[in-house]
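Engineer: Following this message is one structure expressed as C-alpha cells.
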Amino acid sequence: MRLDARALPQRAAGLVVAGLMILGLAACSSLDRLNPFASGEAKWPELPPLAGGLPLAPVWRVDLGEVGDLGYTPAVVGQTVFAIARAGTLARIEVGKTLWRVDGLGRLAGAVASDGRIVVVSTAQGEAIAHAAADGRELWRARLGAEVIAPPAIGEGKVFLRGNDGRLFALDASDGKRRWVYQRNLPPLTLRSAAGLTLADGRLYAGFPGGKLVALDAASGALLWEATVATPKGTTELERVADVVGNPLVGAHEVCAVAWQGRTACFDRRSGAPLWLREHASSVGGMLVGKQLVLVDDQGLVLALDVGNGASLWRQDLLRGRQPGRPLVVGEHLVVADGQGVLHVLRGAEGAAVGRYRLEAGGVTGVPVGLTFAQDPSRPASSALSGFVVQTRLSGLVAFRLP
C-alpha cells in the first residue's frame, strides 16, 4: 500500500491516499495538513507587505500546456531548459525559444534529466526513453517494470533511475542496456514521493523508506555503506512512515538527508559515520548553502543549520502554514515557492525576505531550478548573471533573473 505523495514536495495538502487509508488520515490530527478532506478548504496565512526589496519579474515564458499536480520539474544545463508536459511532450527551450519539441510520448511520470548530451524521461508504464539533446531524436528505450517519478541522475557513462518499488537501475547512457540493479525491501506503507538520487565522485547516494541512506559504487552497484537518518516510531504503519525525502545533499566532506516524521542528519561521505542528528522533520527536504543546511520543516518554517555540527543559525517564520517547497540557492539568495504559487526570495545569510512574486492561479509544480543567463554587456565582465525557472501547473515555464 502506498501514500500517493506525487505533489508532496510542493503542496503537502495535495496528498492522495491509497485505498482506505484516507480514513486513517482524517482521524490523525498530526497529519491533517496532508489530508485534503480534513477541514474543507485550506486557510492560508496572510503575507505581510514587503517594502522595497529585489524587483522580481519574468524574463520569458513558454507555454507547454497543463501539468496539474504531477510534480514536474524541468532540467537545466547552463542556459538550456528541458521540460515535459502532461500530454506526453518533451521540449528544449533556450532564452524563451523552443528549439525542438517531441509530442506523443504517452503519459510521462514526472522524471526528466539531462547532461547536455542526452535527455531522459520516464513513462507511467515504467519505460525510460532517451533523446538526443541537440535535436530531440530518440536514441533508445529501456523497459524497467517500475514507475519512475524522480529525475534520473546522469554521469559516469550511465543513467541512474529510482523505481517506486525500491529498485535502483543503472543503464548504459549510450544504448540503455541495464548494467546493474540494486534492490531492498520496503515497509508496508511508504510515501509516493519524488525522492531523487545524487551522484558524486563515483558514488551514488539514495534515501529510502524506513529512514535509511545508502552509498553505492556507481560502477558496480555494490553497497559501500548504509546509515540511519530516522527510526520508524509508533504503533500503526502510518505513524511509522519515516521516508527520506528530497535528494541526498552532498558537501565537501559530508552527505546529509532529511526524513518525513523523522530527523535531519549528516554523515561522513566516505564511511557513513554519523556526524550529527537533529529533530527536524520535513516533507520536502533541503539544500546546502556553503556551510549551511537550509531546510523547510513540517510546519513551513525555513531553518538554517550549521553543516559542521547541526547548530541552529537562523529561522524564517514568514511561510509557516503556506506549504513551502524545497528551497533553491541562487547566488547569495534562496528562492522558495509556496503552495499558493507565491515565489519568495530570502537572503541566504540570515533568511530575511527580500523579494516576492505571485504567479498565476494553480501555482508551481515541482521546484524552482537554477538557470544561467547570458552576460549582460552593461555589467562587469566577471559578473555571471543567474536566475531560476519554474514550471506552473496550468501553463508552462516562467524564467526569472535576480539582479
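The values are calculated or read from the model by the stated rules, or taken from the named source; none is laboratory data. Remember, it's a predicted structure, so these values are computed and weren't measured experimentally. Neighbour counts are summed over all protein chains in view; Cβ atoms, including those assigned to glycine, are modelled from backbone coordinates with ideal geometry. All accessible areas refer to the heavy atoms of the entire protein, side chains included, with ligands and DNA or RNA removed. Shrake-Rupley method; radii C 1.70, N 1.55, O 1.52, S 1.80 Å.
Engineer: Search the stretch 233-291 for residues being closer than 15 Å to Ala311 by Cα and of a type in the set (Lys, Arg), and hand back the single one that is surrounded by the most Cβ atoms within 10 Å (Cβ to Cβ).
Structural biologist: Arg263
Engineer: Residue check, Thr231 against (1) part of a strand (DSSP E or B); (2) free of Cβ contacts under 8 Å to residues at least 40 places away in the same chain; (3) hydroxyl-bearing (Ser, Thr, Tyr), all met but one. Which one?
Structural biologist: Just one mismatch for Thr231, condition (1).
Engineer: Still on this structure, please answer the following. Which number in (1) closer than 19 Å to Ala374 by Cα; (2) assigned to a loop (DSSP other than H, G, I, E, B); (3) under 16 Å from the mean Cα position of the chain (by Cα) marks the one condition that Val76 misses?
Structural biologist: The number of the failed condition is (2).
Engineer: Of the numbered conditions (1) assigned to a loop (DSSP other than H, G, I, E, B); (2) on the phi < 0 side of the Ramachandran plot, Gln323 fails exactly one; give the number of that condition.
Structural biologist: Only one criterion is unmet by Gln323, namely (2).
Engineer: If Leu23 satisfies every condition in (1) surrounded by fewer than 16 Cβ atoms within 10 Å (Cβ to Cβ); (2) modelled with pLDDT of 60 or more but one, which is the exception?
Structural biologist: (2)
Engineer: Quick one: would you say Gly88 is surrounded by fewer than 18 Cβ atoms within 10 Å (Cβ to Cβ), on the phi > 0 side of the Ramachandran plot and modelled with pLDDT of 80 or more?
Structural biologist: Considered against the rule, which asks whether it is surrounded by fewer than 18 Cβ atoms within 10 Å (Cβ to Cβ), on the phi > 0 side of the Ramachandran plot and modelled with pLDDT of 80 or more, Gly88 comes out as yes.
Engineer: Then there is this: Say we look at the stretch 322-364 and pick out the residues that are of a type in the set (Val, Ile, Thr) and either open to solvent by 30 Å² or more (accessible area, probe 1.4 Å) or at pLDDT 90 or above (or both); which of these is nearest to Gly396 (Cα to Cα)?
Structural biologist: Val342
Engineer: Looking at (1) modelled with pLDDT of 95 or more; (2) of a type in the set (S, T, N, Q); (3) touching a Pro at 6+ places or on another chain (Cβ under 6 Å), which is the only condition Thr190 fails?
Structural biologist: (1)
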